[in-house]
Each structure stands twice: as structure tokens, then as C-alpha cells.
Amino acid sequence: MVNSFPDSTKISEELATILTNIDAVCFDAFGTIAEITDKKNVIRPLLRLADKQSRLAWKDKLMRGPLTVETLIQQGGLISEDTIHDINDMIDRISEEATSVTLRTKTALMWRMLRSAGKRIGICSNLAAPYGPPMLSILPDRPDAVALSYETGLIKPEAGIYRIVAERLETEARRILFVGDHLAADVEGPRKMGMRSMEISEFERLL
């Protein structure tokens, strides 16, 4: 039997069945509920200015800590004076990219449906610090739990970040449905931790 919600939040019988025994739905961020409309593709070119070993370390630091790109560059000390102009340009473009964040087309609908069904909503994503606040600021309402890599120090599909999700959603892993666009991080990783999971394309198909 299909849940009886207002027309704008009526869900399909199949989705209602999937949400049975589910307390919360946790979404990935970009590519799932949000997108960047003015893509500058800055981070990779910026990292290429460092040698390979430093590049990997910088990327890891960006994802695991609340560092700004400017601070990371200063700490790295590997970029010559000749590249300062290019770096400053990249920093400006990162800011432009971060402020162009918008909700994906079906996000508001999904949010209303889940709220009407009494489900908690979480956000869990691998993000560099500049992208977190703009993404959170445009959500339909405040999520019940947020676990971002730069804030937790953990990166999907590391097990610890999914444990944090369950703790902050205040429910068991088996009662969480994880939805995202990345197979390893958003489907396979959560399943290994006992969560239900599916790709965003499948979730949207069920609306």
C-alpha cells in the first residue's frame, strides 16, 4: 500500500517498500543532491604544480582537514615565485566554483518526501573545506546529521566515516539507506558497514 502523503510528496509503492524499516536516508553531496554550475576544474591543475609525492599528500590534507587552499600552499612551500600569479588565479576560481553550488533538480522533492515520511536525513561526502558551507547553506532544511571528510578526518569508503554517520543519525547502520553516485564510496562502502545503499539514479527513478 502506498503511503498517504500530500500529492507533492506522494511516493511510489516500490520506494515505500524500500523505506520500510529505514529510519534515515544519508545522501552524498555533489553528483547526488547538489552540483556545481560554474565548474572551473581547479583542484587538479593546482595539485599538478607539486611533485607526485607532495601532490598525494596535499590532496589527502585537503579532504581530511579544514584547510583552505591558501594555507595548504603556504604550508607546502613547493611553489615557486614564478607560479604565484597562476596560484592566485586558481584560488579566485575555486571561490567562484564554490559559490556556484546549486541543488540538483529532484533534491527538493526527495527532501519533502522523506520529511513527510518521518525519515531523518544525513549528508556524508568527501569534500575540501571551501565547498562544505555553500552546499549546506542551500539545502531545504538543516540535515539531522552531517559527516564531511574535511571535518571528520575520514574519507569514504573508510569504515569510520560510516560509523560517524550512524552515530549522528542516532540509529543502527541497518536502518540507514545510503544514496550516492559513486559505487565504491556510496554503495559498496556503506553495505560493508551493514547499511542499505543504492545509486542516486536508481533512487530518483523510484520517485
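The values are calculated or read from the model by the stated rules, or taken from the named source; none is laboratory data. Note that the coordinates shown come from a computational prediction; the quantities given were computed from them, not determined experimentally. Don't worry about glycine lacking a Cβ; one is built from the backbone with ideal geometry, like all the others, and counts go over all protein chains shown.
So, Ala145, is that one closer than 13 Å to Ile33 by Cα and modelled with pLDDT of 95 or more or not?
no
If Ala128 meets every condition in (1) closer than 30 Å to Ser12 by Cα; (2) touching a helix residue (DSSP H, G or I) at 6+ places or on another chain (Cβ under 6 Å); (3) surrounded by 17 or more Cβ atoms within 10 Å (Cβ to Cβ) apart from one, which number is that one?
Condition not satisfied by Ala128: (1).
Those residues that are of a type in the set (D, E, K, R) and closer than 21 Å to Thr20 by Cα, I need them from the range 151-187; list them, please.
Glu167, Arg168, Glu170, Glu172, Arg174, Arg175, Asp186
Which of the residues that make up the range 33-68 are of a type outside the set (D, E, K, R) and touching a Lys or Arg at 6+ places or on another chain (Cβ under 7 Å)?
If the condition is that a residue be of a type outside the set (D, E, K, R) and touching a Lys or Arg at 6+ places or on another chain (Cβ under 7 Å), then Ile33, Ala34, Val42, Leu47, Leu67 are the ones that fit.
Could you list, in sequence order, all residues of the range 14-30 that are among the acidic types (Asp, Glu) and modelled with pLDDT of 95 or more?
Asp23, Asp28 - these are the residues of the range 14-30 that are among the acidic types (Asp, Glu) and modelled with pLDDT of 95 or more.
Among residues belonging to the range 29-58 that are surrounded by fewer than 17 Cβ atoms within 10 Å (Cβ to Cβ) and among the acidic types (Asp, Glu), point out the one that is farthest from the chain's Cα centre (by Cα).
So the residue we want is Asp51.
For the range 141-153, state whether one or more residues are over 13 Å from the mean Cα position of the chain (by Cα), closer than 25 Å to Lys10 by Cβ and surrounded by fewer than 16 Cβ atoms within 10 Å (Cβ to Cβ).
yes
Within the range 127-138, can you find the residues that are part of a loop (DSSP other than H, G, I, E, B) and under 12 Å from the mean Cα position of the chain (by Cα)?
Leu127, Ala128
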